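Where a number appears in this text, it was derived from the coordinates with a stated rule and is not lab data. None of these values were measured; they are calculated from a predicted model. All Cβ positions, glycine included, derive from the backbone under ideal geometry; neighbour counts span all protein chains shown.
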There are 2 protein chains.
Amino acid sequence: MPFEAINLAAKLQQFSDHWSPKVVAELNDYQLKLVKLEGDFVWHAHEHTDELFLVLHGQLRIVFRDGEVRLSAGEMYVVPRGVEHMPVADEECHVLLVEPRGVVNTGEAGGPMTAQGDVWI
Amino acid sequence: MPFEAINLAAKLQQFSDHWSPKVVAELNDYQLKLVKLEGDFVWHAHEHTDELFLVLHGQLRIVFRDGEVRLSAGEMYVVPRGVEHMPVADEECHVLLVEPRGVVNTGEAGGPMTAQGDVWI
């Protein structure tokens with residue numbers, strides 16, 4: 001068994017692309033993913049799961065059809081399953097995601113911003 | 001639907017007791033819990049689930065029968081299911097836990113350090 005801490009800052013230095021989550025750990029059938037966000041994402045929903053966003057650096061807006069939540073570093077939010085949302089980062093921000101293994105970043109929406117899943121760093 | 005960020009620092013100001021996890025969010029059937037640790041916990045294991053520790057403040061050692069891992073703020077570790085471990089904090093540290101709803105802090109060990117579950121702040 002490896003006794004090695006997962007250092008989030010060190011992991012974040014290993015990539016620079018946006019909207020492309022990288023898996024850093026698994027917890028049962030859940031994955032912990034780091035992602036760098038900048039600009040507007042696509043409207044989408046995850047029909048079968050909630051999704052947790054924890055902001056590590058910068059600021060994130062999660063826009064809903066009827067409101068929005070603004071997150072700064074050290075703040076988190078759980079988007080309930082089935083709820084349409086669009087993450088927006090006016091400047092680059094870094095986020096830790098928690099969600100079940102196999103979740104696709106664009107949910108049911110698909111399109112060119114769909115990232116490959118299960119990419120580990 | 002409430003559009004309110006969960007601010008971890010603000011939540012941590014709401015309690016001061018040690019070894020008594022407080023739930024701050026749910027993600028499907030998982031819970032996100034904040035806990036303040038100081039001193040030695042008890043040896044225990046969780047037979048049916050992994051357990052994630054993310055250190056937010058201070059330093060944490062997780063001692064195993066055959067080694068240990070040292071975590072500073074911004075570092076995390078997943079203790080695999082069934083593995084005996086003992087968290088130790090030489091000075092107070094603050095941790096975010098992720099684990100399924102219903103997990104007991106002392107696992108199979110029980111004893112006086114067993115905390116009440118499902119306490120929300």
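Which condition does B:D90 not pass, out of (1) at the interface with chain A (Cβ under 10 Å from one of its Cβ atoms); (2) surrounded by fewer than 21 Cβ atoms within 10 Å (Cβ to Cβ); (3) outside any loop (DSSP other than H, G, I, E, B), if it passes all the others?
Going through (1) at the interface with chain A (Cβ under 10 Å from one of its Cβ atoms); (2) surrounded by fewer than 21 Cβ atoms within 10 Å (Cβ to Cβ); (3) outside any loop (DSSP other than H, G, I, E, B) one by one, B:D90 breaks only (1).
With respect to the numbered conditions (1) within 20 Å of B:D50 (Cα to Cα); (2) within 10 Å of chain B (Cβ to nearest Cβ); (3) of a type in the set (A, V, I, L, M), which one is the sole condition not fulfilled by A:V103?
(2)
How many residues does the stretch A:41-87 hold that are among the basic types (K, R) and more than 8 Å from chain B (Cβ to nearest Cβ)?
Qualifying residue count for the region: 2.
Test each condition in (1) surrounded by fewer than 20 Cβ atoms within 10 Å (Cβ to Cβ); (2) closer than 18 Å to A:F15 by Cβ for A:V35 and report the one that comes out false.
Condition (1) is where A:V35 drops out.
If I ask for residues that are part of a strand (DSSP E or B) and either closer than 19 Å to A:D50 by Cβ or at the interface with another protein chain (Cβ under 8 Å from one of its Cβ atoms) (or both), which ones from the stretch A:1-23 would you list?
A:I6, A:N7, A:V23
Could you grab me the full set of residues in the stretch B:11-41 that are within 14 Å of A:Y77 (Cα to Cα) and among the hydrophobic types (A, V, I, L, M, F, W, C)?
The answer is B:V23, B:V24, B:A25, B:L27, B:L32.
Condition (residue is closer than 25 Å to A:G74 by Cβ, charged (D, E, K, R) and either within 12 Å of the chain's Cα centre (by Cα) or crowded, with 17+ Cβ neighbours inside 10 Å (or both)) applied to the stretch B:62-71: is it met by at least one residue?
At the first step, the residues of the stretch B:62-71 found to be closer than 25 Å to A:G74 by Cβ are B:62, B:69-71.
Now narrow it down to the ones that are charged (D, E, K, R): B:70.
In the following step, the residues that additionally are either within 12 Å of the chain's Cα centre (by Cα) or crowded, with 17+ Cβ neighbours inside 10 Å (or both) were identified as none.
No - not one qualifying residue is present in the stretch B:62-71.
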